[in-house]
1. Cβ under 9 Å from His20's Cβ, His20 left aside: what net charge do those residues give with Lys, Arg +1 and Asp, Glu -1?
2. At 20 °C and 1.002 mPa s, grab the translational diffusion coefficient of segment 187-254 from Stokes-Einstein with a Kirkwood Rh over Cα pairs, rounded to a whole number in µm² per second.
3. Within segment 1-109, how many Lys pairs sit with Cα atoms under 21 Å apart, leaving out pairs fewer than 8 places apart on the same chain?
4. Count the net charge of all other residues whose Cβ sits under 13 Å from the Cβ of Ile50, scoring Lys and Arg as +1 and Asp and Glu as -1.
5. If you plug each phi of segment 210-218 into the Karplus form 6.51 cos²θ - 1.76 cosθ + 1.60 with θ = phi - 60°, what whole-Hz ³J(HN,Hα) values come out, in order, with x for Gly and Pro?
Amino acid sequence: MLEKNRHNRQPKVYFASDFHLGIPDHDSSFVREKKLVSWLDNIRHDASEIYLMGDVFDFWFEYKTVVPKGYIRLLGKLAEMTDQGIPVHLFTGNHDVWAFDYLKKEINIQLHNRPEILEIMGRKFYLAHGDGLGPGDLGYKFLKRIFRCKLNQWLFRWLHPDIGTSIGLYFSRKSRLANVLKENRQTELKSIENEMLYQYAVKMMSEGISVDYFVFGHHHLPLVTGLDPKTQLVILGDWLTNFTFAEFDGNTLELKYF
C-alpha cells in the first residue's frame, strides 16, 4: 500500500541541514531527533531524493570498529528509506567532517565531501554545506585544513573512543549553538549583501558558474533570494530553532517549516 501511494504522488526532492543532534543535552536532542523522524515519515511517500546538507550530528567521529552512541531512530529511518529505494545524500559539514564509510556501508547514504554541481529534475544545483566558503573566516579555514588532514584523523583515532567522544561532546555542549538552544533565541540576518555565502555565490557566478540554484546549509538562517532573474540562493536554516527544509517539484523550490 505504501508503494502504491508513493507512485500516485508527484515526485519531489527534499533538502535539509544543520540538525546538530547531541546538543545542548541528550533529552532535548532526543526530542529533535523524533521530530526529524516524523518529518521523514511525512515526506517518504513522494520523495524521489533527499539531500542532507551537513551537520546532521554536532559531533561525529568514526573509529574503525566504533561509531558514536545514539541517534538510532534517525539512522534506522534513513536505512528504511534507502531500502525503499529513495537515494539519500549527505554533504558533510564542519561538525560531521569525520564521517568516513560507516553511513555508506550500513545505510547506503551517498557521501559528498566537496561542493558539487548536480542536475536534479532538469535543473542545475550548486550544492555545499557552506563552511569555509566566501571571504573572511580565516581562523576556521585554517582549522578546517587541520580537521581534514589524514594524519590528524589517524592520530585522533588512537584516542580511546570514550575519551575522544567525550572531548568532542564537551566542546559541542560549550559551543555558541548550544547556548542559543539553552537560551531559546534565534540569530538574525542583518544584511544579505554581507552574508558570506551570498558573496561566494555572486563570485562563482562572476567566474562563469551558471546554475539555477545555490543551496547551502551552515548559516542557520532560512533564506531564499534571487541573485539574478535565473538564479536563486537558498540557505536552508536549521533544526535547532527554525525546523525548515526545502521542497523542489521540478519547477519551483520552496522553503517550508515543519
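Read the figures in this text as sums done on the coordinates, not as results from a lab. Predicted, not measured: the structure shown is a model, and the values here were computed from it. Please note: Cβ atoms are built from the backbone with ideal geometry, for glycine as well, and neighbour counts cover all protein chains shown.
1. -3
2. Working: Rh = 12.6 Å.
This corresponds to a translational diffusion coefficient of 170 µm²/s.
3. For segment 1-109, qualifying lysine pairs total 15.
4. On the way: positive: Lys12, Arg44, Lys77; negative: Asp41, Asp46, Glu49, Glu80, Glu247.
Result for the local shell: -2.
5. 10, 9, 8, 9, 9, 10, 10, x, 6
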